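Report on the following structure.
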There are 2 protein chains.
Amino acid sequence: MARWEPDARARLANAALDLYLERGFEQTTVTDIAQRAGVTERTFFRHFADKREVLFDGTNALQSGVLEAIATAQDGNAFDIAGRALVAGSAFLEERGEFAGRRTRAILANPELHERELLKLARLSTAIAEALHDRGTPTGAARLAAQAAVAAFSAGFERWSGAGTSATLAESIEAALAEMRGIVGTA
Amino acid sequence: MARWEPDARARLANAALDLYLERGFEQTTVTDIAQRAGVTERTFFRHFADKREVLFDGTNALQSGVLEAIATAQDGNAFDIAGRALVAGSAFLEERGEFAGRRTRAILANPELHERELLKLARLSTAIAEALHDRGTPTGAARLAAQAAVAAFSAGFERWSGAGTSATLAESIEAALAEMRGIVGTA
């Protein structure tokens, strides 16, 4: 007999983030989050496995989108394919700039969340390397291309989600990919 | 009244690694390790903070060596400086090939150790980026250069520590750095 909860997921995510920034991640319970969002704890657990996952919901969706983009990409250089797939797969984040900025602040304020973020990015990189390998890129080259592209994505994402840029997320990632090329590619 | 323990540190590291590979990391206690190495638990804790750190002793030494090499490097491209510093800083690992190969197997067999390895590499990358920044490289470029160089180092290290290569560690890292250039640098 669940009652109808318009946007419960988004409300829960916003409530969680507010609380993490107000009182800290450790000091926030699922009960607090559910209360702030005006839903039951059961509703929380219908949407998220635990209070950490609230912040990594987008990362999981990003990974699916990126892998799909790699699978259907035109032929080309592995770094390019990975870079373009990261731009395409992250398009849905474009409208979440304000949330992303607050999320970055919450993650950097908590070592446990920061570690989780690094591991999620490492997993994204491994998944991209496997997808590139499935298209025929040798394993070693696929890993290097994936790691360089994810590093650029991460830099672009952070710049975009920070204050003081008018660039879109896609533009920020593309700029970081070009910067990576310039830094690594010139002897 | 500590008795004299020739090479207790190396004996402990080898004993720990043997046990992790024989029965698994989770199933091994510090007591087991000390016993196998023929020393007391107290001796173990004089050398290592916990049973996980046994495997990351080299990573800490690597980081110090790399940062020193960056601080004293000639001017040049940030990716080059980071790459050369990783080669120089890892020279002491060259004679530990057999240990490194078994260490990689133990780490890949345990998710907790694998996460720790990823985090240590992420920290190494952050430290390199800061050292590059101290020399005048802008923050964003320093981070990208550091991440690309660490990704190449890690690939080279893994290839070297795996079976079936006659290349030295330095040669393996240099090959991976060159491969990274080729992959990222060509449009």
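When the range B:117-139 is filtered for residues that are under 19 Å from the mean Cα position of the chain (by Cα) and more than 8 Å from chain A (Cβ to nearest Cβ), the ones remaining, listed by number, are B:E117, B:K120, B:L121, B:R123, B:L124, B:S125, B:T126, B:A127, B:I128, B:A129, B:E130, B:A131. Within the set B:E95, B:E117, the sole residue that is crowded, with 17+ Cβ neighbours inside 10 Å and among the acidic types (D, E) turns out to be B:E117. Restricting A:A175, A:A152, A:A142, A:A170 to residues that are over 15 Å from B:Q147 (Cβ atoms), in contact with a Lys or Arg (Cβ under 9 Å, 6 or more places away or on another chain), assigned to a helix (DSSP H, G or I) and touching a residue at least 60 places away in the same chain (Cβ under 8 Å) narrows the list to A:A142.
Do you know which of the residues in the range A:98-114 that are touching an Asp or Glu at 6+ places or on another chain (Cβ under 9 Å) and of a type in the set (D, E, K, R) is surrounded by the fewest Cβ atoms within 10 Å (Cβ to Cβ)? Within the range A:98-114, the match that is surrounded by the fewest Cβ atoms within 10 Å (Cβ to Cβ) is A:E112. For the range A:129-187, what are the residues that are polar (S, T, N, Q) and closer than 22 Å to B:I173 by Cα? Residues satisfying the conditions are A:T137, A:T139, A:Q147, A:T186.
Within the range B:47-74, being without any contact (Cβ under 8 Å) to a residue 24 or more places away in the chain and not polar (S, T, N, Q) holds for B:A49, B:D50, B:E53, B:E68, B:A69.
Among the residues in the range B:120-130, are any more than 23 Å from A:A178 (Cα to Cα), modelled with pLDDT under 95 and among the aliphatic types (A, V, I, L, M)? Yes.
If you check A:A152, A:A142 for being in contact with a His (Cβ under 9 Å, 6 or more places away or on another chain) and among the aliphatic types (A, V, I, L, M), only one passes: A:A142.
Out of all the residues in the range B:5-52, which are on the phi > 0 side of the Ramachandran plot and of a type in the set (D, E)? Once the filter is applied, which keeps residues that are on the phi > 0 side of the Ramachandran plot and of a type in the set (D, E), the range B:5-52 yields only B:D7. Condition (residue is of a type in the set (F, W, Y) and surrounded by 14 or more Cβ atoms within 10 Å (Cβ to Cβ)) applied to the range A:50-60: is it met by at least one residue? The answer is yes; a qualifying residue exists. Any idea which residue in the range A:56-86 is farthest from the other protein chains (Cβ to nearest Cβ), counting only those that are closer than 20 Å to A:M180 by Cα and under 13 Å from the mean Cα position of the chain (by Cα)? Among them, the one singled out is A:V66.
Report yes if A:G101 is over 20 Å from A:G65 (Cα atoms) and outside the structural domain of A:D18 (by TED's automatic domain parsing), otherwise no. The answer is yes for A:G101.
For the range B:62-84, a tally of residues being among the acidic types (D, E) and part of a loop (DSSP other than H, G, I, E, B) returns 1.
If I filter the range B:153-163 for residues that are out of contact with any helix residue (DSSP H, G or I) (no Cβ under 8 Å at 6 or more places or on another chain) and at pLDDT below 95, do I get at least one hit? Checking the range B:153-163: not a single residue is out of contact with any helix residue (DSSP H, G or I) (no Cβ under 8 Å at 6 or more places or on another chain) and at pLDDT below 95.
Let's see how each residue does on (1) within 22 Å of A:S125 (Cα to Cα); (2) touching a residue at least 60 places away in the same chain (Cβ under 8 Å); (3) touching a strand residue (DSSP E or B) at 6+ places or on another chain (Cβ under 9 Å):
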{"residue": "B:G89", "(1), (2), (3)": "no, no, no"}
{"residue": "B:R96", "(1), (2), (3)": "no, no, no"}
{"residue": "B:A131", "(1), (2), (3)": "no, yes, no"}
{"residue": "B:E158", "(1), (2), (3)": "yes, no, no"}
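Applying the criterion of being of a type in the set (V, I, T) and surrounded by fewer than 17 Cβ atoms within 10 Å (Cβ to Cβ) to the residues of the range B:140-173, the residue that is nearest to the other protein chains (Cβ to nearest Cβ) is B:T165.
The values are calculated or read from the model by the stated rules, or taken from the named source; none is laboratory data. All figures in this text were calculated on a predicted structure; none of them were measured in a lab. Cβ coordinates were reconstructed from backbone atoms using ideal geometry, including for glycine residues, and neighbour counts include every protein chain displayed.
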